[in-house]
1. With the requirement that a residue be closer than 12 Å to residue 73 by Cα and surrounded by 17 or more Cβ atoms within 10 Å (Cβ to Cβ), what does region 22-38 give you?
2. Which pairs turn up if I take residues in region 45-69 that are of a type in the set (Lys, Arg) and look for partners that are part of a helix (DSSP H, G or I) with beta carbon separation below 9 Å, at least 6 apart in sequence or on another chain?
3. Output the helices (runs of 4 or more DSSP H) that fall wholly within region 1-87 and possess 2 or more residues being modelled with pLDDT of 90 or more, within 15 Å of the chain's Cα centre (by Cα) and among the small types (Gly, Ala, Ser), or say none.
4. Only one of these is touching a Leu at 6+ places or on another chain (Cβ under 9 Å) and either closer than 22 Å to residue 99 by Cβ or of a type in the set (Asp, Glu) (or both): 5, 21, 31. Name it.
5. Would region 121-128 turn up any residue that is touching a Phe, Trp or Tyr at 6+ places or on another chain (Cβ under 8 Å), surrounded by 17 or more Cβ atoms within 10 Å (Cβ to Cβ) and either among the hydrophobic types (A, V, I, L, M, F, W, C) or at pLDDT 90 or above (or both)?
6. Of all residues in region 1-21, which are of a type in the set (D, E, K, R) and surrounded by fewer than 17 Cβ atoms within 10 Å (Cβ to Cβ)?
Amino acid sequence: MATILEIARARHIYNKYLRGLEPVEGLRETLSGPGPFTVFLPTDAAFDRLSDDEQASLYADRDKMAQVLKYHIVPEYYTVEDLLDHLFLKTLDGQRLRVSSDLSDTPLWEEETNFDDDGLNYISSEIVTSAVRESITINNAHVVEADLIADNGILHVIDKILVPPFTRL
């Protein structure tokens, strides 16, 4: 298997997050260490949602970049199933992330279902469970891909940048 950083590098859609790690002293080493860590990894598209000025400001300020990147890292191991049992997760720098679900906005099925002998079991175990997993948000960022397992932790891909409270980009 590979470390969190090796998995992120191999997938080539997290280049902006990885670029942000370069000037932050010790963070690459931390994520290459034994862990375990849960990393909520934003894609390059998530960084592109920021304005050019916000991106430039973030990359120009090493301390701000460190705050933002550490806010994506939880020093424990949480699968997507584990996330369902938590309201908050404490990040690497001690701040909290809010875990929630927007299940009420997620359609469970779009076509009529035949409720034969095991129909209820199918719905509860397959459709609902999948819908709940797909509805998980971390500070309103959707988990778009979950449970990328590494030697030193686990990654969950998210669609937005997590910005710590009282941090202005």
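The values are calculated or read from the model by the stated rules, or taken from the named source; none is laboratory data. Remember, predicted model here, so these are calculated numbers, not experimental data. Every residue, glycine among them, receives a Cβ derived from its backbone with ideal geometry; neighbour counts consider all protein chains shown.
1. Scanning region 22-38 gives 27, 30, 31, 35, 37, 38.
2. 64/57; 64/58
3. 44-48
4. Going through 5, 21, 31 in turn, just one is touching a Leu at 6+ places or on another chain (Cβ under 9 Å) and either closer than 22 Å to residue 99 by Cβ or of a type in the set (Asp, Glu) (or both): 31.
5. no
6. 6, 9, 11, 19
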